[in-house]
Amino acid sequence: MDGNIDERRFRELLVESDDLQSDAMRGARTDLNAYVDAAKEARYESRKDLKVGGVLLGAGVLGAAAFAFAGSASAAASSKDIMALQTAAGLENLAVFTYKTALTLPFIGGSSALPVVKAFVTKTMAQHTEHGAAFNAAVTKLGGKAQTGTDPKYTPVVKKAAPGLKGPADVVSLAITLEDIAAETYTADVGLVSTKELRQLFASVAGVEAQHRAILLAVQALVAGGLVSEIALPPNAAKLPAAAGSVGFPDAFYPTSKAAPVAEGAVK
Amino acid sequence: MTTNDKRPHEMAISEAELSSMTRELDTMHNDSFSGVKKSLEDFSANLSHLATGKATARRSFLLGAGGLAVVGGVAACSSSGGGSNSASSTSSSPTGSSSATSPYTGDLKVVALAAALENLAVAAYGMALTAAGKGTYGTVPKAIGTFVTVAMSQHKQHAAAWNGVLTKAGLKAVTTPALTITTSEVAKLTAAKTIPEVAMVALGLEQAATETYTFATANVTDAGGIMTAATIQPVEAMHAAILSFVLGQYPVPDSFIGITGAVGPAALTV
């Protein structure tokens, strides 16, 4: 263990964080129920409106066409919601797989690992597990099949990269990529899902993935700059290069160009 | 970290360095801004008719305002304890502090609130830079100077983005931190004499902004407005994570960003 790292303090912070996390999860579960109820309600209301519309419009051709259009629009919205949630769950499962793999490496989860890095990876993996569970819970409650697999596009990328993970910098780089894709995907999904509750769910997770990325970017800069000893809570700010202050948030507006398409991880 | 050193040292970064950082920053963020510009233009297009009072917009206006009113108003943040750094709370009336004759209503009230929040962040970081330049905090590490400069610049861009929507809708830009929480936040900044103390105030503001935008994604009704909030929220969350890291707090404490610390529209004073 590096002498500059106060492991005891870090463990205390993790305990405090877990307490906060438990509170957050209680809220999250309540929120998740609200998300699902709202989505179901939206679907029910759409169908109820369809019935009324169908009656009012009677047997006319226009009425039948309107009924069919509204029905397909509702089904499409619901289908898109489920696919977005399944794709998100697939990305989360891949993140969990990646961090789990990383923890088998001696320099991340073994004897030569920095305790701070090991603890961060462990905690981050747990958070991704919770995200995956939340997305899949919403999927199943909406009538879809849970996504238990990993994202089909990026799984081969991770598997190809795994043998080449020779040091912390390699793992951090791969993790940054996955966190960024997740954050971009959920940011984009905010604008694609059909209910306000699902928008809030995706936003609430996007911000967390962005935070993972911010810390990983900072760690990457410290590793690259030969300042591994400063990967501590808190770091010795006086020793940090000027660029370290902003490397964690490179964009003023979070991009979405790398967002996974809604159907990318949908269960077929 | 020389956080307890209160001797009147000069700031460790020069004006020239700060200027250079700002120029680099402007270049760096042009690309990301072009993407959100499209969302904002769409948002502006959708909202521009609202200033003319056309009835079609009224329903979404009410939905937007009603949704945000749930958050409640904003009170002064607690000065200590409780583990909360939040700049907001939910104790006051949703309508109590807001100007009764405000030209900003519905979605546009949220836009004005967002602009005012960004202005408060810019003002806070500006105050911190000024105080640092006077040696109030002792020697300021270069990385801290960079953080403040870049974060402040990003908040300026966020404010400009939101104000662009207001002006295109025929309303006046919100160019001040016109919020009920501003006085208390400024008081806390003025009282701060060390880098960690300033960072704690900034962390509270960043967390409040993050949660406000999280809530906005669900309660703004316009698609462009939703996406604008969605693309700014992660950036504020990243600012908060780095501040937590610097303060020695666990940087990603929650698995889900909450909304209990969101600033409600009643906090807007214009």
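The values are calculated or read from the model by the stated rules, or taken from the named source; none is laboratory data. What you are looking at is a predicted structure, and each value in this text was computed from that prediction instead of being measured. So basically every Cβ, Gly included, is an ideal-geometry build from the backbone, and we count neighbours across all protein chains shown.
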**OP:** Test B:VAL150 against the stated conditions and say whether it is in contact with a helix residue (DSSP H, G or I) (Cβ under 9 Å, 6 or more places away or on another chain), part of a loop (DSSP other than H, G, I, E, B) and either within 14 Å of chain A (Cβ to nearest Cβ) or aromatic (Phe, Trp, Tyr) (or both).
**Re:** no
**OP:** Within segment A:153-184, work out how many residues are free of Cβ contacts under 8 Å to residues at least 60 places away in the same chain and part of a helix (DSSP H, G or I).
**Re:** 13
**OP:** Please find, within segment B:220-250, the residue that is modelled with the lowest pLDDT out of those that are more than 19 Å from the chain's Cα centre (by Cα) and not in a helix (DSSP H, G or I).
**Re:** B:ASP222
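The rows are residues; the columns are (1) touching a Pro at 6+ places or on another chain (Cβ under 9 Å); (2) under 19 Å from A:LEU174 (Cβ atoms).
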{"residue": "A:ILE215", "(1), (2)": "yes, yes"}
{"residue": "A:ALA218", "(1), (2)": "yes, yes"}
{"residue": "A:ALA232", "(1), (2)": "no, no"}
{"residue": "A:LYS258", "(1), (2)": "no, yes"}
{"residue": "A:ALA263", "(1), (2)": "no, no"}
**OP:** Determine if segment A:197-210 includes at least one residue that is surrounded by fewer than 24 Cβ atoms within 10 Å (Cβ to Cβ) and of a type in the set (Gly, Ala, Ser).
**Re:** no
Original post:
What about B:SER99, is it away from chain A (no Cβ under 14 Å) and at pLDDT 95 or above?
Top reply: no
Subject >> Criterion violated by A:THR185 - all others in (1) within 11 Å of chain B (Cβ to nearest Cβ); (2) buried (at least 24 other Cβ atoms within 10 Å of the Cβ); (3) more than 23 Å from B:ALA151 (Cα to Cα) satisfied >> reply: (1)
**OP:** Check B:ALA160, B:ALA178, B:ALA116, B:ALA121 and return the single one that is under 25 Å from B:ALA216 (Cβ atoms) and either modelled with pLDDT under 95 or in contact with a His (Cβ under 9 Å, 6 or more places away or on another chain) (or both).
**Re:** B:ALA121
Subject >> So A:LEU165, is it at pLDDT below 95, more than 15 Å from the chain's Cα centre (by Cα) and surrounded by 15 or more Cβ atoms within 10 Å (Cβ to Cβ) >> reply: no
**OP:** Those residues that are outside any loop (DSSP other than H, G, I, E, B), facing another protein chain (nearest Cβ under 10 Å) and either on the phi > 0 side of the Ramachandran plot or of a type outside the set (Ser, Thr, Tyr) (or both), I need them from segment B:130-147; list them, please.
**Re:** B:LYS142, B:ALA143, B:ILE144, B:GLY145, B:PHE147
**OP:** Considering each residue of segment B:222-258, count those that are polar (S, T, N, Q) and more than 16 Å from A:ALA188 (Cα to Cα), and give that number.
**Re:** 3
Original post:
How about segment B:214-270: which of its residues are touching a Gly at 6+ places or on another chain (Cβ under 7 Å) and more than 7 Å from chain A (Cβ to nearest Cβ)?
Top reply: B:VAL220, B:THR221, B:GLY264, B:ALA266, B:ALA267
Original post:
Does A:VAL223 qualify as being in a helix (DSSP H, G or I) and more than 9 Å from chain B (Cβ to nearest Cβ)?
Top reply: yes
Subject >> Tally, over segment B:151-179, of residues that are β-branched (Val, Ile, Thr) and crowded, with 21+ Cβ neighbours inside 10 Å >> reply: 2
**OP:** Would you check which residues across segment A:232-254 are at the interface with chain B (Cβ under 7 Å from one of its Cβ atoms), part of a loop (DSSP other than H, G, I, E, B) and either farther than 24 Å from B:ALA143 by Cβ or small (Gly, Ala, Ser) (or both) and list them?
**Re:** A:SER246, A:GLY248, A:ALA252
**OP:** Name every residue in segment B:187-213 that is in contact with a helix residue (DSSP H, G or I) (Cβ under 7 Å, 6 or more places away or on another chain), away from chain A (no Cβ under 14 Å) and in a helix (DSSP H, G or I), in order of residue number.
**Re:** B:LYS188, B:LEU189, B:VAL201, B:LEU205
**OP:** Please specify each residue of segment A:113-162 satisfying the condition of being under 21 Å from A:ALA260 (Cα atoms) and among the small types (Gly, Ala, Ser).
**Re:** A:GLY132, A:ALA133, A:ALA134, A:ALA137, A:ALA138, A:GLY144, A:ALA146, A:GLY149, A:ALA161
Subject >> Those residues of segment B:115-127 which are within 13 Å of another protein chain (Cβ to nearest Cβ) and either of a type in the set (Phe, Trp, Tyr) or touching a residue at least 60 places away in the same chain (Cβ under 8 Å) (or both), in sequence order >> reply: B:GLU118, B:ALA121, B:TYR125
Subject >> Index of the failed condition, A:VAL139 passing every other in (1) in contact (Cβ under 8 Å) with a residue 40 or more places away in the chain; (2) more than 26 Å from A:ALA113 (Cα to Cα); (3) within 11 Å of chain B (Cβ to nearest Cβ); (4) part of a helix (DSSP H, G or I) >> reply: (3)
**OP:** Scan segment B:164-173 and give yes if some residue there is closer than 25 Å to A:GLU209 by Cβ, assigned to a helix (DSSP H, G or I) and in contact (Cβ under 8 Å) with a residue 60 or more places away in the chain, otherwise no.
**Re:** no
Original post:
For segment A:171-179, does any single residue satisfy the condition of being buried (at least 24 other Cβ atoms within 10 Å of the Cβ), hydroxyl-bearing (Ser, Thr, Tyr), over 30 Å from B:THR139 (Cβ atoms) and more than 11 Å from chain B (Cβ to nearest Cβ)?
Top reply: no
